[in-house]
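Below is one structure, written out as structure tokens, with a few remarks after it.
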């Protein structure tokens, strides 16, 4: 999964854009897993390897990644202190894990830069971002460095001044998010769990969270049922209620990743089975 094997250009992007996307220098540098690969569902990784000769992606789906690479290149050239774009390696249970850290400060701080949407920033810190930064902290710890704090710098590609002040819209196109740092034991357990699910013989189906479900969990109790995207959101809501008996049941979920963003959806038995049953 280091790069797309087939790139299409159905909408006539200039050759310079196509070449820039095709010449992506990304590499795991010989590792069995990258950090971002371990975070992804094991079913996606397995289907990639099984169908890599049949998978293609269009240039239009990769444009924002190209913008992100441009931002990283500019930041890499700044005169800021610390180590930039360094890839760390570590061994765990017979597997090599690698991750490229955007900025490792001289004080042990880890910073990751993300080009994203204002809407994404409005939704707050993503669970996958929290996992990613804590896996970076684990990586540097295996290399004798103690991480002191974790930050994500979000650069909103679609920020508009006219929307400031409405619905928690970000006041600036650049937003710094502080990421909670897990205890060493939790980082160790998470790495162990991700390596196990990616190396076991039986591939697990994707969870609602991994499928970016909307309305996957319904909380029943006093009043009208409420829908939540993740189990954590549903549980947090219940914990904030002072009184009442509540239960969490499966909701009528819409799976955003499967419908619009998963490159292997057409090969996925889980997704194909659900679509067949819905007809």
Would you mind ranking 26, 255, 167 so that the residue whose beta carbon has the fewest other beta carbons within 10 Å leads the list?
-> 167, 26, 255
dims of the chain, Cα set, principal axes, largest to smallest, nearest Å -> 56, 50, 45
When a/c is below 1.5 the answer is rounded, else prolate if a/b is larger than b/c, else oblate, so apply that to the stretch 206-279 with a ≥ b ≥ c taken from the square roots of the Cα gyration tensor eigenvalues.
-> prolate
Calculated FRET efficiency, residue 107 and residue 24, Cβ-Cβ r, R0 30 Å, to nearest 0.05?
-> 0.45
Is any residue of the stretch 177-213 close enough, with backbone N under 17 Å, to a label point placed 7 angstrom from the Cα of residue 248 along the Cα-Cβ axis, and if so, which?
-> 207-213
Put a dot 7 Å past each Cα toward the Cβ at residue 185 and residue 120; how far apart are the dots in nm?
-> 3.4 nm
In deg cm²/dmol, rounded to 500, what helix-only [θ] at 222 nm does the chain give when every DSSP H run of at least 4 residues adds -39500 (n - 2.57) and the total is split over its residues?
-> -10000 deg cm²/dmol
DSSP beta bridge pairing in the chain, given as percent antiparallel to the nearest 5 | 70 percent
Among the DSSP beta bridges whose two residues both lie in the stretch 34-190, what percent are antiparallel, rounded to the nearest 5?
-> 65 percent
In whole angstrom, note down how far apart the Cα centers of the stretch 64-80 and the stretch 141-197 are.
-> 18 Å
DSSP beta bridges in the stretch 1-118: the antiparallel percent, rounded to 5, is 75 percent
Diagonalise the Cα gyration tensor of the stretch 132-279 and give the resulting equivalent ellipsoid semi-axes, square root of 5 times each eigenvalue, largest first, whole Å.
-> 29, 26, 21
Where only alpha carbons of the stretch 152-230 are counted, the Rg and the Dmax (Å) = 18.9, 52
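Only the coordinates and a few stated rules stand behind these numbers; no lab work does. Since the structure is predicted, the reported quantities are computational estimates derived from the model, not experimental observations. With ideal geometry, Cβ positions are generated from the backbone for all residues, glycine too; neighbour counts draw on all protein chains shown.
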